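This report refers to the structure that appears directly beneath it.
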Amino acid sequence: MPATREALAEGEVSRAAVEQIVAAHDANPNQFVRVEGTLVDAARSLAPRELRRAVDHWKEVVDPERSAREAQERFEHRGLHASGTFEGMVRVDGNLDPETGQTLLTALKSVVDGWMRDGAEDPGGGRPG
């Protein structure tokens with residue numbers, strides 16, 4: 001993966017982007033050789049979520065059966081648990097499929113961004129950290 005190594009060494013792509021590129025390589029090393037440069041270019045310009053989508057799409061094209069199996073495994077391993085603690089806090093733990101996870105992250109970000117923009121305390125009485 002010479003183009004990937006060079007882009008990382010030059011600071012042109014992040015480690016998170018490299019992880020996505022490595023996932024593409026691992027999915028189909030033979031096909032990867034032909035698209036490494038394209039994926040590195042994408043990593044330079046795309047946001048992490050967009051790069052993940054691009055890599056997922058490429059993996060689906062080169063090996064649709066494997067992609068379907070991986071999606072099914074992620075779906076089967078999803079779950080979310082939320083419970084109140086003795087002190088009145090809420091503990092949340094879980095694994096969500098990528099789409100549901102992004103929806104949750106977007107919703108949480110909008111709440112926190114609102115707190116930061118307004119400079120207001122959250123409804124629970126604390127300030128965003």
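Scan segment 58-70 for residues that are without any contact (Cβ under 8 Å) to a residue 12 or more places away in the chain, touching a helix residue (DSSP H, G or I) at 6+ places or on another chain (Cβ under 9 Å) and exposed (fewer than 15 other Cβ atoms within 10 Å of the Cβ) and the total you get is 2. Within segment 79-108, the set of residues being open to solvent by 90 Å² or more (accessible area, probe 1.4 Å), among the charged types (D, E, K, R) and either within 17 Å of Arg52 (Cβ to Cβ) or in contact (Cβ under 8 Å) with a residue 24 or more places away in the chain (or both) comprises just one member, Glu99.
Residues in segment 2-19 that are polar (S, T, N, Q) and touching an Asp or Glu at 6+ places or on another chain (Cβ under 9 Å): 1 in all. Only one entry of Ala3, Ala9 meets the criterion of being of a type outside the set (D, E, K, R), open to solvent by 60 Å² or more (accessible area, probe 1.4 Å) and out of contact with any strand residue (DSSP E or B) (no Cβ under 9 Å at 6 or more places or on another chain), and that entry is Ala9.
Which residue is modelled with the lowest pLDDT, if the candidates are limited to segment 93-129 and must be among the charged types (D, E, K, R) and farther than 22 Å from His57 by Cβ? Restricting to residues being among the charged types (D, E, K, R) and farther than 22 Å from His57 by Cβ, the top hit is Arg127. The lone criterion from (1) within 24 Å of Gln102 (Cα to Cα); (2) in a helix (DSSP H, G or I) left unmet by Ala3 is number (1).
The values are calculated or read from the model by the stated rules, or taken from the named source; none is laboratory data. Note that the coordinates shown come from a computational prediction; the quantities given were computed from them, not determined experimentally. Cβ sites come from the backbone with ideal geometry, for glycine too, and all protein chains shown count toward neighbours. Surface accessibility is based on the protein's heavy atoms, side chains included, excluding ligands, DNA and RNA. Shrake-Rupley method; radii C 1.70, N 1.55, O 1.52, S 1.80 Å.
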